[in-house]
Amino acid sequence: MAKKPASERARTFSMSPPKKPLKILLASPRGFCAGVERAIQIVERAIARYGRPVYVRHEIVHNRHVVETLEAKGAIFVDELDEVPNDRPVVFSAHGVPKAVPTEADRRSLIYVDATCPLVSKVHREAERHHAAGRTVVLIGHAGHPEVIGTMGQLPAGAVLLVEDVAQAEALDAPDAGNLAYATQTTLSVDDTVGIVAALRRRFPAIQGPKMEDICYATTNRQAAVKAIVSECDALVVIGAPNSSNSMRLVEVASHYGCRRSRLVQRAADMDWAWLADVSRLGITAGASAPETLVDELIAACRERYDVTVEEVRTTEESVVFKLPRTLVA
């Protein structure tokens with residue numbers, strides 16, 4: 001039998017099976033919020049102003065990619081203030097810190113820059129105002145989260161009661177039931193918080209709260225964007241860190257609104273591609289501390305395996321910008 005021409009054999013061997021179609025529904029807004037962008041800029045500007053290294057107490061935001069990028073630029077991340085040398089500056093994370101931390105920094109004459117998100121600082125001021133008026137503050141939030149630790153640390157021990165869910169709200173034993181106020185962590189599920197607030201208001205009709213819920217605009221917007229696409233998705237991926245409250249809430253929202261196949265992925269390298277075996281419509285979003293480069297990375301990885309089309313679904317525009325501390329503005 002005659003051999004095929006070399007050119008024809010090459011064409012035969014180079015042919016590969018067609019890629020399976022995959023439609024990506026890209027939720028928008030997604031990714032960095034104004035508070036995260038400000039916090040990252042604060043670390044970068046502090047390094048430029050004071051030189052390397054600049055110390056950062058806790059992760060500036062909950063994302064390893066961001067932390068590693070800043071480490072390469074000269075940041076050193078530590079757990080506590082006693083790990084910071086007296087001759088180097090320190091930045092406090094976007095989640096906020098208890099009052100004892102800047103007090104100790106002042107005692108040691110440390111140079112420090114506070115990168116607390118202004119929306120978290122607003123909650124701090126609300127808690128202080130209620131305490132000054134003699135009210136017990138009920139904080140809706142997750143125990144152990146840095147933001148909750150920072151908010152509770154604005155007031156004396158025992159002045160804040162933490163409530164994590166409706167069951168705890170129903171069981172809350174308040175020392176002065178007629179003189180309460182509530183505040184919330186900024187990165188909670190909007191739906192869950194509505195239920196907790198309703199339970200508190202039913203049990204304590206005189207309880208005071210903010211004119212608008214303390215959940216930040218970015219958390220609210222990202223959850224709304226997920227709600228807008230989940231009914232069209234076979235699966236949904238949230239790019240974010242497992243210790244990121246706002247990212248974990250996005251996974252919960254997707255599942256609650258009908259996309260049971262939803263999960264958190266830190267970056268494309270962590271993706272379980274077998275999980276997508278029978279998926280033709282994939283939703284993608286990113287938590288408020290996840291950079292857009294990780295979204296691009298995941299889409300590129302999908303293109304290597306699938307015939308990808310991307311549809312961005314935008315539910316609102318964001319234009320919020322927070323000013324940098326005066327000490328870092330040239």
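What follows draws every value from the coordinates through simple rules; no lab data is involved. No experiment lies behind these values; they were computed from the predicted model shown. As a convention, Cβ positions derive from the backbone with ideal geometry for all residues, glycine included, and neighbour counts pool all protein chains shown.
Results, tabulated for the structure shown:
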item: Prolate/oblate/rounded label for segment 241-301 (Cα gyration tensor, a/c 1.5); result: oblate
item: Extreme residue, positive dipole direction of the chain, given options Ala39, His65, Val113 (C-beta unit charges); result: His65
item: Relative contact order, percent, the chain [alpha-carbon distance under 8 Å, six or more residues apart]; result: 25
item: Estimated 222 nm signal from helices in the chain, with DSSP H stretches of n ≥ 4 weighted -39500 (n - 2.57), rounded to 500; result: -11500 deg cm²/dmol
item: Distance in nm between pseudo-label sites at Glu252 and Glu80 (7 Å out along the Cβ direction from Cα); result: 3.0
item: Three-way shape label, segment 128-203, alpha-carbon gyration tensor, a/c 1.5; result: oblate
item: Rounded if a/c under 1.5, otherwise prolate or oblate - segment 99-248, Cα gyration tensor axes; result: oblate
item: About the Cα centre, charge dipole magnitude for segment 210-251 (Lys/Arg +1, Asp/Glu -1 at Cβ), debye; result: 120
item: For peptides 241-253, 153-165, sequence by mean Cβ density within 10 Å, most packed first; result: 241-253, 153-165
item: Net charge contributed by nearby residues that have their C-beta within less than 13 Å of Lys211 (K/R +1, D/E -1); result: -1
item: Charge dipole magnitude, Cβ of K and R +1, D and E -1 - segment 128-203, Cα centre, debye nearest 20; result: 300
item: Segment 134-288 - charge dipole about Cα centre, Lys and Arg +1 at Cβ, Asp and Glu -1, debye rounded to 20; result: 280
item: For segment 265-330 and segment 178-254, distance of Cα centres in Å; result: 21
item: Positive-end residue of Leu236, Pro102, Val123, charge dipole of the chain with Cβ unit charges; result: Leu236
item: Over 19 Å between alpha carbons, listed pairs Lys122/Lys227; Lys73/Lys323; Lys99/Lys122; Lys73/Lys122; result: Lys122/Lys227; Lys73/Lys323; Lys73/Lys122
item: Relative exposure of Ser280, Ser121, Ser319, judged by other C-beta atoms within 10 Å (fewest first); result: Ser319, Ser280, Ser121
item: Additional length obtainable on full extension of the chain from Ala174 to Ala300, 0.36 nm per residue less Cα span; result: 40.1 nm
item: Order of Ile207, Ile229 - criterion: other Cβ atoms within 10 Å of each residue's Cβ, fewest first; result: Ile207, Ile229
item: Cα→Cβ-extended label distance, 7 Å offset, between Ala274 and Gln41, nm; result: 4.5
item: Unit charges at the beta carbon, dipole of the chain: most positive-side option, Val91, Val321, Tyr55; result: Val321
